[in-house]
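S.K.: Pasting in a structure now, in structure tokens, and then I'll have a few things to ask.
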Amino acid sequence: MKVVLLAGGFGTRISEETRFRPKPMIEIGGRPILWHIMKEYSYYGFNDFIICAGYKQHMIKEWFADYFLYNSDVTFDYTEGRGAMTVHQQRCEPWRVTVVDTGLGTMTGGRIKRVQPYIGNEPFMMTYGDGVCDVDIGDLLRFHQAHGKIATLTAVKLEQQKGVLDIGGDFTVRAFREKSLADGAPINAGYMVLQPEIFDLIEGDSTVFEREPLETLAARGELMSYMHRGFWQCMDNRREMDLLEMLLEKGTAPWKKWKD
């Protein structure tokens, strides 16, 4: 199953970093936060990624273009007047990464719509490229497959200004509203599983995924929530960036389930 990562926004709330690079390429623990998210999915066996790039998208492409070389032991041999390279050992993950330029000002729904040709008519996973979580992705997928609805999102209960959910007793999302005053209600943490029917609800580049598509699904009873009571943290500002860095330095980062 393919994993779609939204990585095209301007990241204006952490502009001291995003002046120089896309927000998903901001490093924590010496690696881009995007890499950490991919490692989460890879831990559960999902290794086929589609990255919806936009702002400074060339930097994401260049990073992955160099990734194999930087994680390999190599010999460069120029003794016979030509440049020969021998790879001795490589420490890369078994990833397949498709980086798509989805436009500079495209909204979240539009970015998802633009990568439809790379997904095809099959279910896929999707999350944001600026937050980490210790959710059991395998269990999330099983939950989605069991209920048979179009969409599942991971919900966490934190006092933050994110997409607020009204969840029924059977875990059906009865209403979805985008950013409001923090009120302790369950919020949208991303880590979604989506059926291909979702593309029918996205009109074009101006569609904000968290508005019309999710609101429509909620009204139809086709949006389910997977309640996650563990760790989730986005990286919207320097304070949150420093928090994630501190957890990695202390060796207590909950999302880091893989071994170095």
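S.K.: Which ones in segment 1-56 are surrounded by 22 or more Cβ atoms within 10 Å (Cβ to Cβ), on the phi > 0 side of the Ramachandran plot and in contact with a Gly (Cβ under 9 Å, 6 or more places away or on another chain)?
M.R.: none
S.K.: A follow-up question, please. H58 is checked against (1) over 17 Å from the mean Cα position of the chain (by Cα); (2) at pLDDT 95 or above; (3) part of a loop (DSSP other than H, G, I, E, B) and fails just one. What number does that condition carry?
M.R.: (3)
S.K.: Continuing with this model, one more query. What pairs come out if I take residues in segment 117-140 that are on the phi > 0 side of the Ramachandran plot and surrounded by fewer than 21 Cβ atoms within 10 Å (Cβ to Cβ) and pair them with residues that are assigned to a strand (DSSP E or B) and charged (D, E, K, R) whose C-beta lies under 7 Å away, six or more apart or interchain?
M.R.: Between residues of segment 117-140 that are on the phi > 0 side of the Ramachandran plot and surrounded by fewer than 21 Cβ atoms within 10 Å (Cβ to Cβ) and residues that are assigned to a strand (DSSP E or B) and charged (D, E, K, R), there is no close pair.
S.K.: Any chance you could count how many residues in segment 191-221 are under 21 Å from I137 (Cβ atoms), buried (at least 17 other Cβ atoms within 10 Å of the Cβ) and not aliphatic (A, V, I, L, M)?
M.R.: First, the residues of segment 191-221 that are under 21 Å from I137 (Cβ atoms): 191-196, 198, 209-210, 214, 217.
Narrowing further to those that are buried (at least 17 other Cβ atoms within 10 Å of the Cβ): 191-195, 198, 209-210, 214, 217.
From what's left, not aliphatic (A, V, I, L, M): 191, 195, 209-210.
Of the residues in that region, 4 qualify.
S.K.: A further question follows. Tell me which residues, restricted to segment 101-137, are at pLDDT below 95 and in a helix (DSSP H, G or I).
M.R.: Passing the criteria: none in range.
S.K.: With the structure loaded, tell me whether Y41 is in a helix (DSSP H, G or I), of a type in the set (F, W, Y) and in contact with a helix residue (DSSP H, G or I) (Cβ under 8 Å, 6 or more places away or on another chain) or whether it fails that test.
M.R.: Details: in a helix (DSSP H, G or I): yes; of a type in the set (F, W, Y): yes; in contact with a helix residue (DSSP H, G or I) (Cβ under 8 Å, 6 or more places away or on another chain): yes.
Yes: the conditions hold for Y41.
S.K.: Give just the number: which of (1) crowded, with 20+ Cβ neighbours inside 10 Å; (2) not in a helix (DSSP H, G or I) does T98 not satisfy?
M.R.: (1)
S.K.: A follow-up question, please. Of the residues that make up segment 14-24, is at least one in contact (Cβ under 8 Å) with a residue 24 or more places away in the chain, acidic (D, E) and closer than 17 Å to M126 by Cβ? Let's see the steps before the verdict.
M.R.: In the first step, residues of segment 14-24 are kept if they are in contact (Cβ under 8 Å) with a residue 24 or more places away in the chain; the result is 14, 16-18, 21-24.
Next, only the ones that are acidic (D, E) stay: 16-17.
Pick out the ones that are also closer than 17 Å to M126 by Cβ and you get none.
No, segment 14-24 has no match at all.
S.K.: For segment 148-190, how many residues meet the condition of being under 19 Å from M126 (Cβ atoms), at pLDDT 80 or above and surrounded by 15 or more Cβ atoms within 10 Å (Cβ to Cβ)?
M.R.: 13
S.K.: Looking at segment 40-65, I want the residues that are in contact (Cβ under 8 Å) with a residue 24 or more places away in the chain and more than 14 Å from V97 (Cα to Cα) and have a partner that is among the hydroxyl-bearing types (S, T, Y) and not in a helix (DSSP H, G or I) with Cβ atoms under 7 Å, at least 6 apart or on another chain. Which pairs are those?
M.R.: Cβ pairs passing all conditions: G54/T102; G54/T106.
S.K.: Would you say A65 is modelled with pLDDT under 95 and surrounded by 10 or more Cβ atoms within 10 Å (Cβ to Cβ)? Walk me through how you get there before you give the answer.
M.R.: Working: modelled with pLDDT under 95: no; surrounded by 10 or more Cβ atoms within 10 Å (Cβ to Cβ): yes.
In short, no.
S.K.: Now for a different question. Could you list, in sequence order, the residues of segment 73-85 that are exposed (fewer than 10 other Cβ atoms within 10 Å of the Cβ) and either assigned to a strand (DSSP E or B) or within 35 Å of the chain's Cα centre (by Cα) (or both)?
M.R.: Step one: of segment 73-85, the residues exposed (fewer than 10 other Cβ atoms within 10 Å of the Cβ) are 75-76, 78-83.
Correct list: T75, F76.
S.K.: Among the residues of segment 13-28, are any assigned to a loop (DSSP other than H, G, I, E, B), modelled with pLDDT under 95, basic (K, R) and more than 29 Å from D134 (Cβ to Cβ)?
M.R.: There is at least one residue in segment 13-28 that is assigned to a loop (DSSP other than H, G, I, E, B), modelled with pLDDT under 95, basic (K, R) and more than 29 Å from D134 (Cβ to Cβ).
The values are calculated or read from the model by the stated rules, or taken from the named source; none is laboratory data. Everything numeric here is computed off the predicted structure, so don't read it as measured data. In this analysis, Cβ positions are derived from the backbone assuming ideal geometry, glycine residues included, and neighbour counts consider all displayed protein chains.
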